[in-house]
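The values are calculated or read from the model by the stated rules, or taken from the named source; none is laboratory data. Note that this is a predicted model, so its numbers are computed, not measured. Every residue, glycine as well, gets a Cβ built from its backbone with ideal geometry; the counts of neighbours run over all protein chains shown. Only protein heavy atoms, including side chains, enter the accessible area calculation; ligands, DNA and RNA are left aside. Shrake-Rupley method; radii C 1.70, N 1.55, O 1.52, S 1.80 Å.
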Amino acid sequence: MPKYSAFDIIGPRIIGPSSSHTAGAARLAYLAYKLANEDIAEAEITLYGSFAETGLGHGTDKALVAGLLGMDTDDKRLRYSLLLAEEAGIKITFHISDEEREHPNTVKIRIIGTSGDITEVVGESLGGAMVQIVNLNGMSVRISGEYPTLVVMYEDRPGVI
């Protein structure tokens with residue numbers, strides 16, 4: 001069991017109503033945006049578990065899009081993110097899945113960048129705005145976003161080290 005500080009329990013400054021469904025969702029999408037490493041043309045977002053059941057009522061959709069637009073958890077524009085994405089010409093599609101996942105607050109974000117490159121991220125919102133990326137482009141990972149993380153992606157073929 002991990003140890004938590006008072007700051008983990010109190011959590012960050014957020015636009016509510018939920019540290020898991022809004023702040024955690026925004027952080028997950030922001031990490032996905034950073035991992036894609038380019039402007040977003042389109043995003044396909046699949047919600048699982050509690051995110052699927054109650055997320056839209058808690059603003060999870062707006063928070064996820066805000067993160068994809070590069071917003072932080074306390075950005076006052078978060079509540080308008082769907083409109084801002086539309087104005088920017090970014091196509092956003094949401095799906096609800098009844099597939100069982102390891103964690104109830106799970107989301108899969110498939111990003112198509114302006115170059116056409118695809119980045120797929122699966123993440124979990126753990127509570128108190130703490131998150132972890134558990135899958136990146138089909139590879140199992142554990143990225144919390146709490147510390148600097150170097151991710152190197154390349155095509156594995158002869159002659160490439």
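If the chain between N37 and D74 were fully stretched, how many nm would it gain, using 0.36 nm times the residue separation less the Cα-Cα distance? Write down the numbers at each step before the final one.
On the way: separation 37, 0.36 × 37 = 13.32 nm, distance 2.23 nm.
Length gained between N37 and D74: 11.1 nm.
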Reduced to Cα centres, the span from region 36-54 to region 60-84 in Å works out to 12
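Viscosity 0.692 mPa s, temperature 37 °C: give me the Stokes-Einstein translational D for region 29-161 in µm²/s, with Rh taken as the Kirkwood radius over C-alpha pairs. Each step should come with its number before you reach the end.
On the way: Rh = 15.3 Å.
The Stokes-Einstein estimate is 215 µm²/s.
How about region 76-160: which GluC sites (Glu not before Pro) there lie in a loop by DSSP and see at most 13 other Cβ atoms within 10 Å?
On the way: sites: E86, E87, E99, E100, E102, E120, E124, E146, E155; in loops: E99, E100, E102, E146, E155.
Listed in order of number, the matching sites are E99, E100, E102, E146, E155.
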Cβ-Cβ cut-off under 11 Å around A32, Lys and Arg +1, Asp and Glu -1: the net charge is +3
For E155, placing the label point 7 angstrom along Cα-to-beta-carbon and taking region 23-54, residues whose amide nitrogen sits under 20 Å are 36-38
The answer for the net charge of residues other than T119 whose Cβ lies under 9 angstrom from its Cβ, with Lys and Arg +1 and Asp and Glu -1, is -2
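Using a 1.4 Å probe over the heavy atoms of the protein chains, calculate the carbon and sulfur portion of the accessible area of region 16-156 as a whole percent. Spell out each step's value before the answer.
Numbers: 3450 of 7340 Å².
Result for region 16-156: 47 percent of the exposed heavy-atom area is carbon or sulfur.
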